[in-house]
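Let me begin by presenting the structure, written as structure tokens, before commenting on it.
The values are calculated or read from the model by the stated rules, or taken from the named source; none is laboratory data. Bear in mind that the values here come from a model prediction, so they are computed numbers and not experimental data. FYI the Cβ positions are ideal-geometry reconstructions off the backbone, even for glycines, and counts take in every protein chain you see.
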């Protein structure tokens with residue numbers, strides 16, 4: 001059964017059809033690169049798969065849940081990295097990651113344990129962990145945000161421009177995160193303009209334009 | 001139920017920790033509350049007899065003005081870096097988020113009520129004649145306005161113009177609470193001979209209705 005099954009999906013941003021009949025099927029363990037010009041509908045496609053945007057028409061299923069009726073059920077199993085980091089500026093990095101782990105249903109000790117592991121994996125210096133997020137650079141915030149998602153060990157990763165604002169080390173960390181997630185059986189959708197970077201992960205390439213999937217390499221290359 | 005309460009506690013403790021770190025309550029809201037009391041004193045020509053008579057109403061107007069700041073701050077914390085989307089993605093029950101955010105505002109309001117009570121005693125020469133009524137009426141009123149404020153904060157935030165629209169939406173709804181709380185404190189502070197407990201009962205009903213409606217409606221308000 002596909003992890004993502006979209007058939008002629010229309011989704012609106014206000015009155016504008018950001019998705020105008022998109023169809024896509026993604027199997028478990030795939031890495032998919034979404035490419036296309038600005039305003040093509042890539043972010044809306046990711047937000048739809050995250051259960052954050054309701055389909056106006058068409059069939060949309062993610063992880064076996066119908067998004068038109070059961071978007072909330074999908075969210076706990078999905079990690080979505082958008083343009084914002086979703087971190088609380090006045091809390092420390094460690095407190096933020098621990099909070100999001102607990103919010104995802106982990107008990108306090110397991111949340112703290114996973115937070116420590118995820119932050120180390122993101123290459124964040126131990127001295128940074130007790131600092132408030134407001135004192136971090138944009139790249140460090142991005143890494144902390146990814147750590148907050150990683151603690152949940154999601155089945156589906158939805159990453160919108162995950163390399164944006166990161167230095168070379170940070171970019172390598174993101175690539176490793178994606179590779180490790182796929183190796184663990186998760187599915188990853190990446191919307192990116194850094195095509196060469198993501199292509200090194202050997203993804204299936206899906207081109208989105210005008211709210212439609214216009215080209216699909218159709219499976220892992 | 002246990003999960004709902006533990007999620008609500010998680011959200012409340014997070015909001016209170018943020019307030020403790022940012023010190024917005026102590027450095028901005030509390031001085032504002034005291035300033036409002038002082039300005040009322042100037043406006044009424046510092047006549048202590050008049051101030052004592054109107055102290056309950058002035059007290060609750062000051063609380064409502066502070067509530068606006070607390071609700072705006074509570075919404076701003078979630079919208080600053082789109083943490084609100086994170087809360088939705090975490091799969092937390094919307095009712096738990098509502099209860100948690102209401103509880104955090106409630107705690108802040110209770111602290112402010114203590115400060116404002118000290119303020120009216122010092123500046124207006126008021127005194128608490130019925131301590132138990134003062135305590136219960138203060139608690140249920142704070143509960144009522146915290147729940148209503150959280151709900152309308154989410155509504156205004158969803159409309160995208162919370163800073164300007166919130167007072168216009170919220171204050172008319174809280175007008176009955178202002179009347180009831182003022183009457184209850186008229187009795188508690190000995191400013192007028194009314195049955196404060198009857199008004200406190202009405203305030204408790206308002207608090208229950210606002211909390212229940214808020215818990216039920218919050219999910220619909222925070223969804224796109």
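Descriptive notes on the structure:
- Verdict on residue B:119 being under 13 Å from the mean Cα position of the chain (by Cα) and modelled with pLDDT of 95 or more: no
Per-residue answers, yes or no, for (1) under 27 Å from residue A:163 (Cα atoms); (2) in contact (Cβ under 8 Å) with a residue 40 or more places away in the chain; (3) in contact with a helix residue (DSSP H, G or I) (Cβ under 9 Å, 6 or more places away or on another chain):
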position	(1), (2), (3)
A:4	yes, yes, yes
A:7	no, yes, no
A:43	yes, yes, no
A:49	yes, yes, yes
A:67	no, no, yes
A:82	yes, yes, yes
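- Taken over region A:83-104, the criterion of being at the interface with chain B (Cβ under 7 Å from one of its Cβ atoms) and in a loop (DSSP other than H, G, I, E, B) is satisfied by A:84, A:85, A:86, A:87, A:88, A:89, A:90, A:91, A:104.
- Search result, residues across region A:37-46 that are under 17 Å from the mean Cα position of the chain (by Cα) and either over 16 Å from residue A:188 (Cα atoms) or buried (at least 22 other Cβ atoms within 10 Å of the Cβ) (or both): A:41, A:42, A:44, A:45, A:46
Residues are listed down the side, and each one gets a yes or a no for (1) within 14 Å of another protein chain (Cβ to nearest Cβ); (2) within 30 Å of residue A:91 (Cα to Cα):
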{"position": "B:8", "(1), (2)": "yes, yes"}
{"position": "B:12", "(1), (2)": "yes, yes"}
{"position": "B:16", "(1), (2)": "yes, yes"}
{"position": "B:25", "(1), (2)": "yes, yes"}
{"position": "B:30", "(1), (2)": "no, yes"}
{"position": "B:46", "(1), (2)": "no, no"}
{"position": "B:51", "(1), (2)": "no, no"}
{"position": "B:60", "(1), (2)": "no, no"}
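- Here the condition is being modelled with pLDDT of 95 or more, part of a helix (DSSP H, G or I) and closer than 16 Å to residue B:208 by Cα; of B:111, B:140, B:107, it holds for B:140 alone.
- Here the condition is being touching a strand residue (DSSP E or B) at 6+ places or on another chain (Cβ under 9 Å) and either in a strand (DSSP E or B) or surrounded by 23 or more Cβ atoms within 10 Å (Cβ to Cβ) (or both); of A:29, A:58, it holds for A:58 alone.
- The listed residues are B:55, B:76, B:104, B:83, and the only one of them that is within 14 Å of chain A (Cβ to nearest Cβ), buried (at least 18 other Cβ atoms within 10 Å of the Cβ) and over 13 Å from the mean Cα position of the chain (by Cα) turns out to be B:83.
- Residues that are farther than 20 Å from residue B:68 by Cβ, in contact (Cβ under 8 Å) with a residue 60 or more places away in the chain and in a helix (DSSP H, G or I), drawn from region B:186-212: B:186, B:188, B:196, B:197, B:199, B:200, B:204
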